[in-house]
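To keep things clear, I will list the structure first and then write my remarks on it.
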Amino acid sequence: MPSVIRDPLACGRVEDADVDHFLTAPLKCVPPRDTVPGHRQLLGKGTSMISPARPPARRIAALLTGTIALVLAATGCGGKTGTGSATGKITSITALDYYTDEREHTQWGEVLAACGKTAGVRVEQTSVPGASLIPKVLQRASSRTLPDLLMLDNPDLQQIAQTGALTPLDQYGIDSSGFAKGILSAGTYKGKVYGLAPDVSTIALFYNKDMLAKAGVAVPGTWDELKAAAAKLARPGRYGMAVDANPTFEGTWQFLPFLWSNGGDEKKLDTPQAAKALQLWVDLVKSGSMSKSVLNWTQADVHDQFVAGKTAMMINGPWRIPALKQAKNLHWGVAPIPVPRTGQTPVTPLGGEVWTVPRSPSKARQEKAAQVLACLNGHSTMLTLAEQHFTVPSRTAVAAQYAEQTPSMAAFVKSVEAARARTGQLGVKWPKAATGIYTAIQSALTGRQTPEEALRRGQQIATGH
């Protein structure tokens, strides 16, 4: 199996002096605390969610481009020179993803190898830094030298499909039935399915059972109940509620359930529905139920506050469950994110990666790649991946089975049924809207502007005028 490329962008800040060391001595990557396992691009462009965001260290990314190109060429991901091409029999295909974490790379390598075996090929997997994947894909798309099998964070699919570099999956007879509407839309461009996600994620409300019981507070299901519960749970040294409201796509990701569940829309941010959702967050901070520090917290920081007993409730994803299970004397539960009114279903954002089959001069290689993709999206593979990564199987029937087996995932399974793809409304224009949203959150929570004023400015950012 090809070696994992060390990702300095995912391993924290890198100074100029570190780059030469990186180029000559690849090491095991330890992702930053706010990186979502398996969902590096969680928050969309520039951060995934994860899908669950991409570091802004463009200078370092540029220095890495040459190195990544060499690795891709060496492993065969840049072309179609797999074993067996001279005889016409395809015995190996190439796959490209951004799972640079050693454990995750290995787990996916095993799954790809198993699915490759069913298709009669060896899958040569290469993992590159998340920040470098899309620039590299766009560069190679024009020359049709992409790998046979390509993984993309779901918000990126529209951009790549727009170039004509991907093939519609229906031409291979791949079964795309049984997927929730939002999941299928995440892999769809102009009415055609170009990518399928074996597993997905979203966010929900985590709560400290002991704290709620001692305060005589029921798990909140509506916004009014959330405000009342958070206020009652707050006390010196502890807040009632915590979210990630930082000025990145991660902050936008956490706000979307409140925006969407109240009828707000990313196509037009300056609406009463959006303002009411933002006012909820403002009220929580003003009342002292939520810390002003949420303006800078990542999802990992929110998790740490919860584990330390400094907040009674938090919004977070299922990737936090392994760490929560290891926390001593912490009794926690998970529930759907509260909604404006009783009886509503929360609408949450969808995180996760889709697998695609790029265009290739070799139809035979495309067919083999499609067979592997179909296997990745098979029932048993979905279940295996979900169990490994604490994610939700993408087929509704498999997800229901998983929820029965794993009660801590039931709230996420329920939420995924109504979850939406971030690019579902705006496609490639989504990043501008996401920027407008987190800018509005910052302005409103700091008190610089009212929610209405902040969202008007956010709309200007989203549309460019």
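Return the carbon/sulfur percentage of the accessible area of segment 194-292, one whole number, probe 1.4 Å, all protein chains in place.
53
Where a Cα-Cα gap under 17 Å defines reach, which lysines qualify for Lys214, not counting those fewer than 8 residues away within the same chain?
Partners found: Lys232, Lys310.
If the convex hull of the alpha-carbon atoms of segment 307-424 is projected onto planes in all directions, what is the mean projected area in square nanometres?
Across all orientations, segment 307-424 yields a mean hull projection of 10.0 nm².
As a quick test, which of the pairs Lys190/Lys268; Lys363/Lys429; Lys209/Lys328; Lys325/Lys414 have an alpha carbon distance above 24 angstrom in this structure?
Table pairs above 24 Å Cα-Cα are Lys363/Lys429.
Restricting the calculation to Cα positions, tell me the Rg (one decimal) and the Dmax (whole number) of segment 118-179 in Å.
Computed over the Cα atoms of segment 118-179, radius of gyration and Dmax are 13.1, 35 Å.
Test of understanding: extend the Cα→C-beta vector of Val428 to 7 Å, then name every residue of segment 147-177 with backbone N under 18 Å from that spot.
From segment 147-177, the list is 152-168.
Which ³J(HN,Hα) values, rounded to whole Hz and listed in residue order, are derived for segment 121-131 from phi using the Karplus coefficients 6.51, -1.76 and 1.60 in 6.51 cos²θ - 1.76 cosθ + 1.60 with θ = phi - 60°, glycine and proline given as x?
Listing the rounded values in order: 9, 9, 9, 8, 8, 10, 10, 10, x, x, 5 Hz.
Give the relative contact order (percent, whole number) for segment 168-324; include only Cα pairs under 8 Å separated by 6+ residues.
Over segment 168-324, the number comes to 29 percent.
Taking the alpha-carbon centroid of each part, what is the distance from segment 171-194 to segment 396-459 in angstrom?
Cα centroid to Cα centroid, the span is 21 Å.
Report, in whole Å, the centroid distance computed from the Cα atoms of segment 104-127 and segment 330-363.
Measuring centre to centre over Cα atoms gives 25 Å.
So with the 1.4 Å probe, I'd like the accessible area per residue for segment 238-343, rounded to whole Å².
Accessible area per residue: 35 Å².
Where the accessible area of segment 326-465 is counted over protein heavy atoms with a 1.4 Å probe, how much of it, in %, is carbon and sulfur?
50
Normalised by the residues of segment 98-229, what does the relative contact order come to in percent, with Cα pairs under 8 Å and at least six apart?
15
Mind checking which aspartates and glutamates have their C-alpha under 15 Å from Lys432, skipping anything on the same chain fewer than 8 residues away?
Hits, sequence-local ones excluded: Asp156, Glu250, Asp265, Glu266, Asp270.
The values are calculated or read from the model by the stated rules, or taken from the named source; none is laboratory data. Everything numeric here is computed off the predicted structure, so don't read it as measured data. No Cβ is skipped: glycine too gets one built from the backbone with ideal geometry, and neighbour counts run over all protein chains shown. Surface accessibility is based on the protein's heavy atoms, side chains included, excluding ligands, DNA and RNA. Shrake-Rupley method; radii C 1.70, N 1.55, O 1.52, S 1.80 Å.
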